[in-house]
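Notes follow once the structure below has been shown.
The values are calculated or read from the model by the stated rules, or taken from the named source; none is laboratory data. Being a predicted model, the structure only gives us computed values, none of them experimental. Heads up, the Cβs are rebuilt from the backbone with ideal geometry, glycines too, and the neighbour counts pull from every protein chain shown.
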Amino acid sequence: MMQQTVTLEHLADDGGRGYALVSIMNVTENVVRSAALTELAHKLQHDSNRDHLTMLYNRRFMWEWLVQQIKQSNRHDHQIACLMLDIDNFKSINDRYGHKEGDAVLRGFAGIVDEHLRKSDILVRYGGEEFVVLMPQCDIEAAIAAAWRTVRGVREAAIGSLAPGQVTCSIGISVYDPGNPRTGEELLKEADKRLYEAKNSGKDQVVPGSA
């Protein structure tokens, strides 16, 4: 569809007779170019916040989001749960089945985890085979329940070309409480510590921090 601009200018000749000058300009190309630039800007913004393999949010987005959520948490007095997840024995999967299958496992794992989350939760690829889930307005009991649903869901799923039970995960949990404020870095650090405990306690399990 052609886009046009129309301008109307009132003029008069030497005898005082009036007439109008109508100008019509085809601006379709400018409109199309502007729309394309807007779409490109949105795409670049989207891509800068995403992990290209799994299409999950990346760490950059996570930190920006967490700063704002902590402010909201302090203002409205609600908790934020942080789950740190790690695919058990992922190096062995890569070594045995190859990196292509490893990538398929990462994508499949991300999809399974996402199925067990609320729409308000944020799933992030933190790095390698580590993922983070941030759950606004979520206390420790709800976080533990969600974590165990996720562990069972991963264990029972066929992921990539691997059969159910071949892929498992461990999860560490921490909770931000405005009554005991701390930084986002401290929140992630505790979740990572609990994840380490889960890995060293047999894997395929959940270890929560203090409420």
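Only one entry in A104, A36, A41 is assigned to a helix (DSSP H, G or I), modelled with pLDDT under 95 and under 21 Å from the mean Cα position of the chain (by Cα), namely A41. From the set of residues in region 191-207 that are part of a helix (DSSP H, G or I) and closer than 17 Å to A146 by Cβ, which is farthest from the chain's Cα centre (by Cα)? Checked region 191-207; the qualifying residue farthest from the chain's Cα centre (by Cα) is A198. All told, V113 falls short of being farther than 20 Å from M62 by Cα, part of a helix (DSSP H, G or I), touching a helix residue (DSSP H, G or I) at 6+ places or on another chain (Cβ under 9 Å) and modelled with pLDDT of 95 or more. Within region 71-101, being without any contact (Cβ under 8 Å) to a residue 60 or more places away in the chain and either within 21 Å of the chain's Cα centre (by Cα) or part of a helix (DSSP H, G or I) (or both) holds for K71, R75, H76, F90, K91, S92, N94, D95, R96, H99, K100. For region 157-202, residues that are in contact (Cβ under 8 Å) with a residue 60 or more places away in the chain, farther than 11 Å from L85 by Cα and in contact with a Pro (Cβ under 9 Å, 6 or more places away or on another chain) total 2.
When you look at L56, is it closer than 20 Å to F109 by Cα, at pLDDT 95 or above, touching a strand residue (DSSP E or B) at 6+ places or on another chain (Cβ under 8 Å) and of a type outside the set (D, E, K, R), yes or no? Taking the combined requirement at face value, the residue satisfies it.
Is it fair to say A143 is out of contact with any Lys or Arg (no Cβ under 8 Å at 6 or more places or on another chain), without any contact (Cβ under 8 Å) to a residue 40 or more places away in the chain and either over 19 Å from L56 (Cα atoms) or not acidic (D, E) (or both)? Judged against the criteria, A143 is not a match. Of all residues in region 122-157 being part of a loop (DSSP other than H, G, I, E, B) and in contact with a helix residue (DSSP H, G or I) (Cβ under 8 Å, 6 or more places away or on another chain), which is farthest from S48 (Cα to Cα)? The extreme case among them is A157.
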